[in-house]
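Written out below as structure tokens is the structure these notes cover.
The values are calculated or read from the model by the stated rules, or taken from the named source; none is laboratory data. Given the structure is predicted, the values throughout are model-derived calculations rather than measurements. When we count neighbours, we look across all protein chains shown, and the Cβ atoms used for this are built from the backbone with ideal geometry, even at glycine. These area figures cover heavy atoms from the full protein model, side chains too; ligands, DNA and RNA do not enter into them. Shrake-Rupley method; radii C 1.70, N 1.55, O 1.52, S 1.80 Å.
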Amino acid sequence: MNIHEYQAKELFKEFGIPVPNGILVESKEAISSALSSSGLFTGENRPSVWAVKAQIHAGGRGKAGGVKIARKIGEIPGFVETLLGKVLVTHQTGPEGRVVQKIWIEEGSNIAKEFYLGAVVDRSQRRITLIASTEGGMEIEEVAENRPEKILHLSIDPAEGYSPYIGRRLFGFLGLPFPVQSQFVNLVRDLVDFFVRKDASLIEVNPLVLTKENTLVALDAKVAFDDNALGRHPEIRSLRDPSEENELEIEASKYNLNYVKLDGNIACMVNGAGLAMATMDVIALAGGSPANFLDVGGGASQETVEQAFRIILGDPHVKGIFVNIFGGIVRCERIAGGIIAAAKDVKVTVPLVVRLQGTNAKEGREMLKDSGLDIQVAEELFEGAEKIVLSVKGGK
Amino acid sequence: MSILVDRSTRVIVQGITGKEGTYHAMACRDYGTKVVGGVTPGKGGTTHEGFPVWNSVFDAKSAENPDVSLIFVPPAFAADAILESIAASIPLIVCITEGIPVLDMVRVRRVLDARNAEGARIRLIGPNCPGVITPDGAKIGIMPGYIHKRGRVGVVSRSGTLTYEAVWQLTQLGLGESTCVGIGGDPVRGLNFVDVLDLFEDDPETEAVVMIGEIGGEDEEKAAVFARNEMTKPVVGFIAGLTAPPGRRMGHAGAIVSGGKGTAREKMAFLERHDITVVDNPSLIGKTVADVLKNGTRRRPVNTGV
């Protein structure tokens, strides 16, 4: 699960990781009252520069025009107005972009140098790995590709935990000035503490800034959490922003369906994640384009199949459906019964190909053929994919 | 011969009184697996569907000295269940549970590695996997037994139903399987492709291996290097997720392409460069194995006799 920058910064603050002061604005009206009341804009110690940052769950906001620097208070309302409701298209949003609904305004920092600091569960090390780079503000993937010597990876042994020497090694690598050593070592400690206690899967501070006053500040914050661990963190689950997720995907999760929307027009419904991916691949191999990933799980009961049909057909691009079920523990004739009832109930109006294989597949296929519904039946995976591609292309 | 499990393997089920545990303990017994009982804390001393129940793995160990513990414990308690079996030195632990927090598995794996470094020999399969089956020997997991047929091909896979697909093809073609191992779809797990390939290489009954991978991570690449350097037997590979978009989790926590790494295309090319026969159409896995076996291509490992 991803969260917004402003939420990540609030959590950072809780864990003692230094972040700039800021406020969240969700409407034009809110900005005028904030300008007159918040210490961020009034009083002697107000900053002289502000960053106005669009809050969306995607990187690359700066390049896409989602971050503005205001040097006068008077500029802020204009920036907020431009950004609110704007569709931001970055290299991570896809061509449809994301609508900006929240703006985070924070004090500007007196930047001396930018760094990268991150933490991730490294699957090959099977440990939390810290990643530091002197090339702050750049995409870490790009740095890894072009200048790998500018990156240091350090894994934390779970039996040992974090120890200050780890922070000191990163400190030495980054070439930070000595006066900030203990600040930095504590910051890394707090970051690891946050990662472990909240079951994060990724934390990126890019950039981590050294100010001219010799302080360290997390200028940006990107945090993702392990979906499997959300059960023990209700406080994290409540940070979910449904407007950042696909409506159909949210709907699907209510029925324990695993749905990911894609760009194509042939929907698929499959039991099992690996087989679902393979089914998408086979649709592409047969010349079609998959509209989704959908794993209905082991059960594939009539109710699940019905909900799955509803979700699939909620995508207006869908021109055909390919159901691929490998009946193992669930018998194919039961699945066929579910498909027939669901197809009648939901009124599937696009071509439907069902491929059943496994336990009692023959009986299941007979039922589908005798149902009086316009269902094409397949035995083999590729045969099913070819049939649906042909139907969608109009050759039926 | 086969690998990991056979007719004589004795199994306990952790979480045997739960819905899943009950159903599959019985299904495994029906298949012919020697399920000698199960563990549910607080229900020790009772009998459940004919299975004796113990309070702890330690109690089960002193009563029956099982070879395998099969785990159906809910995700929040599964790491503890695995750790208990490790502490009791159960030689093979098969964890079916899906949805275990990854940092729990980081800890489990650290403990397991430490125990084995001290000389223990404990293997973990999974989590988030269908289990392991030696056809006509022992079914220890949730796979449908009847699609399997004892035969010549070893199967190792990160997937569930996609494995059944491949197995079904092998069975239909009459090739059959020696043992099928589902290593699971989580990023941090027990046995990996390399470990299982190593076992298949040493198993006289296995003549070829099917390896079913997915996007994400680099385990398939490590397996390819191992196959190239250490194996004589042919390996047929399939990678699911050619059409998966980057950055999205495709059902399995481990199936995610990040930072342009771990794409299906990259993995397939890497496998091919290491003399693995890559199938891009999953309908043709069985047929490809048949062709490879017919051509009788024995590979010469790079590290011969070293």
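Observations on the model:
- Check: the protein assembly as shown dipole with +1 on Lys, Arg Cβ and -1 on Asp, Glu Cβ, in debye: 240 debye
- Protection proxy ranking of B:273-282, B:111-120, A:202-211, by the mean of other Cβ atoms within 10 Å over each peptide's residues and highest first, is A:202-211, B:273-282, B:111-120.
- Centre separation in Å (Cα based) which lies between region A:35-105 and region A:262-295: 38 Å
- Rounded is the label for region A:246-392, because a/c, from the alpha-carbon gyration tensor with a ≥ b ≥ c as root eigenvalues, stays below 1.5.
- Ordered from highest to lowest accessible area with the whole protein assembly present and a 1.4 Å probe, A:387, A:9 read as A:387, A:9.
- Charge dipole of chain A about the Cα centre (unit charges at C-beta), most positive-ward option of A:84, A:337, A:320: A:84
- Over 27 Å between alpha carbons, listed pairs A:68/B:261; A:198/B:222; A:222/B:261; A:102/A:198; A:369/B:149; A:254/B:267: A:68/B:261; A:198/B:222; A:369/B:149; A:254/B:267
- Net dipole in debye of region A:246-392 [+1 Lys, Arg Cβ; -1 Asp, Glu Cβ; about Cα centre; nearest 20]: 180 debye
- For region A:246-392, the antiparallel share of DSSP beta bridges with both residues in that region comes to about 20%.
- Estimated at the nearest 10 Å², the accessible area of residue B:24 is 10 Å² with a 1.4 Å probe.
- Considering the protein assembly as shown at the alpha-carbon level, its Rg and Dmax are found to be 27.1, 84 Å.
- Adding -39500 (n - 2.57) for every DSSP H run of four residues or longer, then dividing by how many residues chain A holds, sets the calculated 222 nm ellipticity at -10500 deg cm²/dmol.
- Under conditions of 10 °C and 1.306 mPa s, chain A yields 66 µm² s⁻¹ as its translational diffusion coefficient, taking Rh as the Kirkwood radius over Cα pairs in the Stokes-Einstein equation.
- Cα-based helix-to-principal-axis angle, A:273-285 vs chain A, degrees rounded to 10: 70 degrees
- Part-to-part distance (alpha-carbon centres) for region B:152-171 and region A:338-355, which is given in Å: 29 Å
- Helix A:181-197 axis, angle to chain A major axis (alpha carbon atoms, nearest 10°): 20 degrees
- The helix-based estimate of mean residue ellipticity at 222 nm for chain B, built from -39,500 (n - 2.57) per DSSP H run of four or more residues and divided by its residue count, is -10500 deg cm²/dmol to the nearest 500.
- Across region A:121-134, rounded Karplus estimates of 3J(HN,Hα) from the backbone phi angles (6.51 cos²θ - 1.76 cosθ + 1.60, θ = phi - 60°) give 7, 8, 5, 7, 7, 6, 8, 6, 10, 8, 10, 10, 8, 6 Hz, Gly and Pro being marked x.
- Residue pairs exceeding 30 angstrom between C-alpha atoms, taken from A:86/A:393; A:150/A:261; A:9/A:113: A:86/A:393; A:150/A:261.
- Rg(Cα) / (2.2 N^0.38 Å) computed for region A:21-108, rounded to two decimals: 1.08
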